[in-house]
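Structure, as structure tokens:
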Amino acid sequence: MKKIATLACAALLAAGPALAQDWPTRTVTVVVGFGAGSTPDLLARLIADGLQEKLGQPFVVDNRPGAGGNIGLDAVAKAEPDGYTLGVTIPGPLIVNPMRMELMYDPEEDIRPVTMLGTQPSVLAVNAELGVDTLDELLDLLRADPGGYNYASIGVGSISQLAMEMVALASGTEIEHIPYTSSPEAVQAVIGGEAQMATMPPLAVLSQAEEGTLKLLAQTSAERMPIVADVPTFAELGIEGVQAEAWNALVTTAGTPDAVVDTLYAALAELLSDPEMQERISGLGFAPVQMTPAEFEARIAEETPRWRSVLEAAGLLNE
């Protein structure tokens, strides 16, 4: 009996690579840790439709919102490592939140990065009635009254908060934080004067800037993004160290076979290089990105110490 069990186990192990090479043979679930209609959800649906067409099996989006995206990534972490559960995530659940709080998953141990899908800068927007037209004028105002001005964010530990903390650190200013629960709420707070400024994704503030209720002073990307091509970067304006991009990425469960990840990445690389798909991703306010799993892992390793230093300065590091 023991010999039969040993032979069965050996046969299963031998079949593993072949089964992985046949992937997918059934429905693949794409878990999104945010609600329907959110940017990660919209991007996930674009990618899921494209992968379904290329790989010939259904790719179904499963929204599991809550805890800043942690619930969704936890579901991916606890799934079978067979490639049939993928996740679309942002820097928070993958890099920032594990340094802020105790979680039920460990990204380094439980998650396997596949590729980044697109990057999105933040734009520093100020109330149009604040009386400033440039970043220098804003910084002069802040330095003249430390702690006398507020900024809005979409929550504690969000990129919208950490980007403003970067601004304060790099410019030697002190700005009070008021967290809100969504970008529309935070933007409305700036327009209404409850807060004077915020760093937000371009699509959250472009129409208000066109209407004249907000002014856009700088963007947090390394280079100007086309969607806000007339807005200079912080580096261009002489403020180094302010680089915060709210990228979205595709991940899967740690232990997923290399053959599955190779098949998935090959399909993604072809999909993300398609001009029509790039245009659709750009329409969501992202710059499309094609990045190998190894390059994505290197990007995570590069960003981690940067976010750690910002969290530490903001008093948000969990140690």
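Counting just the residues of the range 69-113 that are of a type in the set (A, V, I, L, M) and outside any helix (DSSP H, G or I), which one comes out nearest to Asn318 (Cα to Cα)? Reasoning before the result, please.
Of all residues in the range 69-113, those of a type in the set (A, V, I, L, M) come to 71, 73, 75-77, 79, 86, 88, 90, 94-96, 99, 101, 103-104, 111.
Pick out the ones that are also outside any helix (DSSP H, G or I) and you get 79, 86, 88, 90, 101, 103-104, 111.
Values: Ala79: 27, Leu86: 28, Val88: 25, Ile90: 20, Met101: 6, Leu103: 11, Met104: 15, Ile111: 21 Å.
Only one residue tops the list, namely Met101.
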(1) in contact (Cβ under 8 Å) with a residue 60 or more places away in the chain; (2) surrounded by 17 or more Cβ atoms within 10 Å (Cβ to Cβ): which one isn't true of Ala204, the others all being true?
(1)
Whichever residue in the range 303-319 is assigned to a helix (DSSP H, G or I) and either of a type in the set (Asp, Glu) or touching a strand residue (DSSP E or B) at 6+ places or on another chain (Cβ under 7 Å) (or both) and, among such residues, is surrounded by the fewest Cβ atoms within 10 Å (Cβ to Cβ):
Glu312
Determine if the range 26-43 includes at least one residue that is modelled with pLDDT under 95, of a type in the set (Phe, Trp, Tyr) and not in a strand (DSSP E or B).
yes
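Just give me the residues in the range 48-68 being assigned to a strand (DSSP E or B) and of a type outside the set (S, T, N, Q), in sequence order. If you could, list the steps in order and put the result at the bottom.
Going residue by residue through the range 48-68, those that are assigned to a strand (DSSP E or B) are 59-63.
Hits for the range 48-68 are Phe59, Val60, Val61, Asp62.
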Among Gln188, Gln161, Gln120, which is under 22 Å from Val228 (Cα atoms) and surrounded by fewer than 20 Cβ atoms within 10 Å (Cβ to Cβ)?
Gln188
Give me the pairs: first residue in the range 88-102 and under 18 Å from Val114 (Cα atoms), second residue assigned to a loop (DSSP other than H, G, I, E, B) and of a type in the set (Phe, Trp, Tyr), beta-carbon distance under 9 Å, and six or more apart or on different chains, which are they?
Val88/Phe34; Ile90/Phe34; Ile90/Trp247; Pro91/Trp247; Pro93/Tyr105
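Residues are listed down the side, and each one gets a yes or a no for (1) under 18 Å from Gly87 (Cα atoms); (2) not in a strand (DSSP E or B):
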{"position": "Ala249", "(1), (2)": "yes, no"}
{"position": "Tyr265", "(1), (2)": "yes, yes"}
{"position": "Ala269", "(1), (2)": "yes, yes"}
{"position": "Glu276", "(1), (2)": "no, yes"}
Among (1) closer than 23 Å to Asp41 by Cα; (2) in the same structural domain as Leu86 (by TED's automatic domain parsing); (3) of a type in the set (Gly, Ala, Ser), where does Ala186 come up short?
(2)
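Taking Ser171 as the residue in question, decide whether it is out of contact with any strand residue (DSSP E or B) (no Cβ under 7 Å at 6 or more places or on another chain) and under 24 Å from Asp140 (Cβ atoms). Break it down into steps so the answer makes sense when it comes.
Details: out of contact with any strand residue (DSSP E or B) (no Cβ under 7 Å at 6 or more places or on another chain): yes; under 24 Å from Asp140 (Cβ atoms): yes.
Yes; evaluated as a whole, the condition is true for this residue.
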Any residue at all in the range 127-134 that's in contact (Cβ under 8 Å) with a residue 40 or more places away in the chain, more than 18 Å from the chain's Cα centre (by Cα) and not assigned by TED's automatic domain parsing to the domain that holds Ser183?
no
Scanning the range 124-150 for residues that are out of contact with any Leu (no Cβ under 9 Å at 6 or more places or on another chain) and not acidic (Asp, Glu), which turns out farthest from Thr181 (Cα to Cα)?
Ala144
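The values are calculated or read from the model by the stated rules, or taken from the named source; none is laboratory data. Keep in mind that this is a model prediction, so the values were computed, not measured. All Cβ positions, glycine included, derive from the backbone under ideal geometry; neighbour counts span all protein chains shown.
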